[in-house]
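**Student:** Dumping the structure here so I can ask a few things about it.
The values are calculated or read from the model by the stated rules, or taken from the named source; none is laboratory data. Since this is a predicted model, take the numbers as computed values, not measurements. Heads up, the Cβs are rebuilt from the backbone with ideal geometry, glycines too, and the neighbour counts pull from every protein chain shown. To get the accessible areas, we keep the full protein, side chains included, count just its heavy atoms, and leave off ligands, DNA and RNA. Shrake-Rupley method; radii C 1.70, N 1.55, O 1.52, S 1.80 Å.
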Amino acid sequence: MSMLLLLAALAFPAQHSAPEIGREVKRIGSAANGGISDWQEGEDGSTVYLRGPGRWYRVTLSGPCIDFATSPRLLFRTHIDGSFDRFSTITVANEPRRTCGVKAIHQSADPRRSRDR
């Protein structure tokens, strides 16, 4: 009996919520009111990593519009349902006229871990 259970477990791996790294997503749900709990600078001024509920996302912006050296705080404009998507914006807190549009959102690994390697 235990051998049958072992074979069944191998044949049907457990479903888990591990992100599909690189997969484009339409939106980050529950992003408002602390749902985006952290952010990290991307490779250039047109990329930012956002930590949403339970995972990280790589957000491609409309251009190199954030000077991360002088922008310690970012503001995220979400929709009324609290979601963040391609129609949302990111604004530099101390420069409210500096607003970036969102071109794409992809699931990502924790950017802090990939930089440590």
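**Student:** Specify the inter-centroid distance of segment 93-108 and segment 31-86, based on alpha-carbon positions, in whole Å.
**Tutor:** What the calculation gives is 6 Å, centre to centre.
**Student:** Simple spin-label model, 7 Å along Cα-to-Cβ: PHE68 to HIS106 in nm?
**Tutor:** Spacing of the two 7 Å Cα→Cβ label points: 1.6 nm.
**Student:** Could you give the nm distance between label points at ASP81 and SER37, where each point is 7 Å from its Cα heading toward the beta carbon?
**Tutor:** Calculated label separation equals 2.3 nm.
**Student:** Please give the contour-minus-distance gain from GLU20 to SER46: 0.36 nm per residue of separation, less the Cα-Cα distance, rounded to one decimal in nm. Intermediate values should be presented prior to the final figure.
**Tutor:** Working: separation 26, 0.36 × 26 = 9.36 nm, distance 2.22 nm.
Computed gain between GLU20 and SER46 is 7.1 nm.
**Student:** Okay, moving on. Using per-residue counts of other Cβ atoms within 10 Å, averaged over each peptide, order 48-59, 86-97 from highest down. Don't skip to the end; give the middle numbers.
**Tutor:** Details: 48-59: 19.7, 86-97: 14.4.
Answer by packing, highest mean first, reads 48-59, 86-97.
**Student:** Same structure, new question: Roughly speaking, to the nearest percent, how much of segment 13-82's 1.4 Å accessible area is carbon and sulfur? Intermediate results must be reported in sequence, preceding the final value.
**Tutor:** Values: 2080 of 4390 Å².
Summing carbon and sulfur atoms, their accessible area is 47 percent of the total for segment 13-82.
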